[in-house]
Amino acid sequence: MAEQSVRVGGRTLGVSNLDKVLYPDAGTTKADVMAYLQEVAPVMLPHVRDRPVTRKRWVHGVGPASDPGEVFFVKALEQGAPSWIPRRPIEHKEGPKEYPLVEDAATLAWLAQMAALELHVPQWRFGPDAARRDPDRLVLDLDPGDGAGLPECQEVALLAKDLLEDMGMRPLPVTSGSKGIHLYARIDALTAEKASALAKAIALSLEELHPDLVVSSQRKASRVGKVLVDWSQNSGAKTTVAPYSLRGRPQPTVAAPRTWHEIESDGLAQLTYLEVLERVARDGDLLAALAPPPMVDRLAVYRQKRSADKTPEPIPEDAPQPTYGRSFVIHEHHASSLHWDLRLEHDGVLMSWAIPKGIPTSGAKDRLAVRTEDHPLEYGRFEGVIPKGEYGAGEIRIWDAGDYTVKDWDPGLKAVTLHGRADGGLGGSPVRIALVQTDGDQWLCHRMQLPTASAERQSRSRGAAVPRTLTPMLASTRTLTDVGDGWVFEPKWDGWRALVTVDGDEVRLQSRSGQSLTDGFSELLAPIRQAVTAERATLDGELVAGSGGGDFSSLQGRLGDPRARGRAVDRGEPVTLVLFDALEVDGRSLLRKPLSERREELERVVVVSPQVAITEQLTGRASAIVEASQRLGIEGLVAKRLSSAYQPGVRSDDWRKVVHVRTHEVAVVGWLPGEGSLGRTFGSLVLAAPSASGGLRYAGRVGTGFSARDRAAIRDRLPDQSRASRAVDGVPADVAERMTWMRAAVGEVRFTTVTEAGAFRQPVWRGLRPDKALDDLTPLPER
């Protein structure tokens, strides 16, 4: 495959062989690896930033389990590496070697291109002066010997947790992606030698207290049936695989942060990169408390020029934390001379330029731009009067604000497209500018011509950066007692949640868990493209079959057997896409905009049709609207705060659902034979739900709500297994004797209440949920 040029974070990167399979057993390609690293960059970068990275490269892939591929362990930065990758020298016996620093998503993309699957880092960082600092974290590597496994590592992890907490530390667990578990804890004011000595003392203490389970020696013979607590990786010369790094194993597993609840639970397993992406979208960074503060306080100069008791400007006390937002603001500043301040969010601050004559109105003449000190993100909302005698004295007000996209982002060149307000100074249309450094703080601001939509499509077809995948915002079940003015109510549709991406002529549908729904609802693709007037858009909605609030059962068969999918369409049960939010339009992110503005944008870019609708919104007293919706027989309501931003993957109190029909998603773990004609399929399905300990627990059986066709389809889709894919507690003896275990799948039931024994009362089958995963399940509701 010929080399392509892609854009990642404002960098141009040459890539090739994106379809090369790096994990044959899983079919995972280089493009998949690159996409994973781009998605996980916001949570991974804080844990590798400022640390020299050694790499394990599988140039020809990891190979199948029966024939592992060749691996190269690389320390020094490869010749021909992009010049924009920062590097630091480390002295070796044979002389200094330059190691790469991974500071941005573009470097992660380059590492994927190099098939550098495993990234290893030390527990120390380089300072801004390129000098090596003392370690800021302690690590214990729990490695099972022959005859031991992950359960034994879990036991040792819990013992180590108690010991570390007694010492005043807050340990955080990571399943290594290989065989064991890593434990991390923040430390301060310890040299590498002292950190190693402390880790060794902890390992020796655990070995002394639990000699039948723990060993601190590397000798292989002494490790049989035990867990090695490897303390040596705290040495300044040693490294540990970085959190969120892939591993060079037959399956694309990851060094994945976990919760202590998971470590305490049965059935713990190493996670693949797809599972990690779902967890990050849902939970964010479970290691956030471990991430160290930035080495450089980028607001130091800003604070030196201002006094909190003399100016109304925001003056944060703490150093800014890295961020990955793309907001901008342009201030009109009536200081000693009128000028405009352009500020671009980057890495936790607003990079700022003073432009005496403002943003150029055409490309015919460039304008001077003077780089000024970085400002805090809070300055993006600041307007007011800076008192006379203070730095920057005069009136300052917001001239325009919004988000920006990056074309180029190099030390001396920032080319960005500004997407301002409809009533802003830029005129409501995208404006592309380039800031070019000429001498020190002196820059030029140049107005660039925006490409046409067809040119952008051609550019993307030649190879573009892997697209960012969003996950839907979720509603909580919090009470509506404080819901009043500033809220709207929308129907809770009885269908499948779907994110819709329109990109030129292409339309894609994605479920809440990231699964593609495109093929299952192919008859909607052309109507969606006709309904959406924007060239590119990402919209949120629900796929609804039937009339009224939707008929969930009519969606069965849409995913899986293509013949079943065809029958669903042929039965005359049309599906409608009901839209209720707009997340991106023509490259402009709306995530930070309030719901009221996103709704206006949705109505602007969508022309409703029989197959594409926009959900209704109601306002009024919460109790009256809830009562009316109950009389109408719809499934429920979702109350939404009009001022709320869109938070991907977050279950937010800004959205609150009220469900009139009690339903619950469950694990289907087995079946019991039926009688008569049902003997050819099944009589009832055995259900389970998550328990308080994190495993699965018996939740009863369901034997009603199935059509004959449903029974046949379910029996075909859930083949027999000798045991369930997850252990299930509490299965009654009479059920266990007669049931046939199945590979656990997700289904949904309607029910009246939950019994004291923890089972559904009067459950009725609603359908399989191929759009959901077992990890999406929640414990049974209160009775």
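The values are calculated or read from the model by the stated rules, or taken from the named source; none is laboratory data. All of these numbers come straight from a predicted model, not from anything done at the bench. Every residue, glycine as well, gets a Cβ built from its backbone with ideal geometry; the counts of neighbours run over all protein chains shown.
Brief remarks follow.
- Neighbours by Cβ (under 8 Å, 6+ apart or cross-chain): first from the stretch 368-389, closer than 25 Å to D403 by Cβ and surrounded by fewer than 17 Cβ atoms within 10 Å (Cβ to Cβ); second among the acidic types (D, E) and at pLDDT below 95: V370/D441; R371/D441
- Lone qualifier among P128, P82 - being touching a residue at least 60 places away in the same chain (Cβ under 8 Å), surrounded by fewer than 18 Cβ atoms within 10 Å (Cβ to Cβ) and within 30 Å of G14 (Cβ to Cβ): P82
- In the stretch 735-760, of all residues being touching a residue at least 40 places away in the same chain (Cβ under 8 Å) and of a type in the set (K, R), the one that is nearest to T704 (Cα to Cα) corresponds to R750.
- Where P46 falls short, out of the listed (1) modelled with pLDDT of 90 or more; (2) closer than 30 Å to R282 by Cβ; (3) in contact with a strand residue (DSSP E or B) (Cβ under 9 Å, 6 or more places away or on another chain); (4) not in a strand (DSSP E or B): (3)
- For the stretch 658-672, a residue qualifies if it is surrounded by fewer than 19 Cβ atoms within 10 Å (Cβ to Cβ) and either touching a Phe, Trp or Tyr at 6+ places or on another chain (Cβ under 7 Å) or at pLDDT 85 or above (or both), and the qualifying residues are R662, E665, L672.
- Listed by position, the strands (runs of 3 or more DSSP E) enclosed by the stretch 361-449 that each have at least 1 residues that are small (G, A, S) are 367-376, 384-386, 394-410, 413-419, 431-439.
- Test: residue in the stretch 23-40 that is surrounded by fewer than 16 Cβ atoms within 10 Å (Cβ to Cβ) and either touching a Phe, Trp or Tyr at 6+ places or on another chain (Cβ under 6 Å) or more than 30 Å from D283 (Cα to Cα) (or both): no
- Restricting E601, E584, E597 to residues that are touching a Ser or Thr at 6+ places or on another chain (Cβ under 7 Å) and modelled with pLDDT of 90 or more narrows the list to E584.
- Evaluating D129 against the criteria (1) in a loop (DSSP other than H, G, I, E, B); (2) in the same structural domain as Q79 (by TED's automatic domain parsing) leaves one unmet condition, (2).
- Residue selection: A106 satisfies the criterion of being of a type in the set (G, A, S), within 19 Å of L277 (Cα to Cα), in contact (Cβ under 8 Å) with a residue 60 or more places away in the chain and in contact with a Phe, Trp or Tyr (Cβ under 8 Å, 6 or more places away or on another chain).
- Pair list, Cβ < 6 Å and 6+ apart or interchain, from the stretch 567-590 residues that are in the same structural domain as V406 (by TED's automatic domain parsing) and under 20 Å from R497 (Cβ atoms) to residues that are modelled with pLDDT of 85 or more and not in a strand (DSSP E or B): none
- Flag for G363 being in contact with a Lys or Arg (Cβ under 8 Å, 6 or more places away or on another chain), surrounded by fewer than 17 Cβ atoms within 10 Å (Cβ to Cβ) and at pLDDT below 95: yes
- So D212, is it acidic (D, E) and touching a helix residue (DSSP H, G or I) at 6+ places or on another chain (Cβ under 9 Å): no
- Residue match in the stretch 144-152 (condition: under 11 Å from V229 (Cβ atoms), surrounded by fewer than 23 Cβ atoms within 10 Å (Cβ to Cβ), within 30 Å of the chain's Cα centre (by Cα) and assigned by TED's automatic domain parsing to the domain that holds W260): no
- Qualifying residue in the stretch 90-100 (condition: surrounded by fewer than 21 Cβ atoms within 10 Å (Cβ to Cβ) and either on the phi > 0 side of the Ramachandran plot or of a type in the set (S, T, N, Q) (or both)): yes
- Within the stretch 101-119, restricting attention to residues that are modelled with pLDDT of 90 or more and part of a loop (DSSP other than H, G, I, E, B), the residue that is surrounded by the most Cβ atoms within 10 Å (Cβ to Cβ) is V102.
- When residues of the stretch 165-189 are limited to those that are hydrophobic (A, V, I, L, M, F, W, C) and surrounded by fewer than 18 Cβ atoms within 10 Å (Cβ to Cβ), the one modelled with the highest pLDDT: M167
- Scanning the stretch 158-184 for residues that are in a helix (DSSP H, G or I) and without any contact (Cβ under 8 Å) to a residue 24 or more places away in the chain gives D162, E165, D166.
- Selection from the stretch 612-622 of residues that are in contact with a helix residue (DSSP H, G or I) (Cβ under 8 Å, 6 or more places away or on another chain) and crowded, with 17+ Cβ neighbours inside 10 Å: V612, I614
- Leading residue by the ranking (nearest to A291 (Cα to Cα)) among those in the stretch 314-358 that are among the β-branched types (V, I, T) and surrounded by 20 or more Cβ atoms within 10 Å (Cβ to Cβ): V349
- Residues that are surrounded by fewer than 18 Cβ atoms within 10 Å (Cβ to Cβ) and either assigned by TED's automatic domain parsing to the domain that holds W58 or closer than 21 Å to V59 by Cα (or both), drawn from the stretch 249-260: P250, Q251
- So L190, is it closer than 19 Å to V227 by Cα and either of a type outside the set (G, A, S) or in a helix (DSSP H, G or I) (or both): no
- All conditions in (1) under 24 Å from the mean Cα position of the chain (by Cα); (2) among the small types (G, A, S); (3) closer than 16 Å to A112 by Cβ hold for S16, with the sole exception of (1).
Here's the yes/no breakdown for (1) of a type in the set (S, T, N, Q); (2) free of Cβ contacts under 8 Å to residues at least 12 places away in the same chain; (3) outside the structural domain of L158 (by TED's automatic domain parsing):
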site: R186; (1), (2), (3): no, no, no
site: A189; (1), (2), (3): no, no, no
site: A192; (1), (2), (3): no, no, no
site: D212; (1), (2), (3): no, no, no
site: A221; (1), (2), (3): no, yes, no
site: R247; (1), (2), (3): no, no, yes
site: L268; (1), (2), (3): no, no, no
site: R279; (1), (2), (3): no, no, yes
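- Selection within the stretch 755-779 - part of a strand (DSSP E or B), surrounded by fewer than 20 Cβ atoms within 10 Å (Cβ to Cβ) and in contact with a Lys or Arg (Cβ under 8 Å, 6 or more places away or on another chain): V764
- Restricting attention to the stretch 570-607, the residues that are touching a helix residue (DSSP H, G or I) at 6+ places or on another chain (Cβ under 7 Å) and farther than 24 Å from V650 by Cβ total 4.
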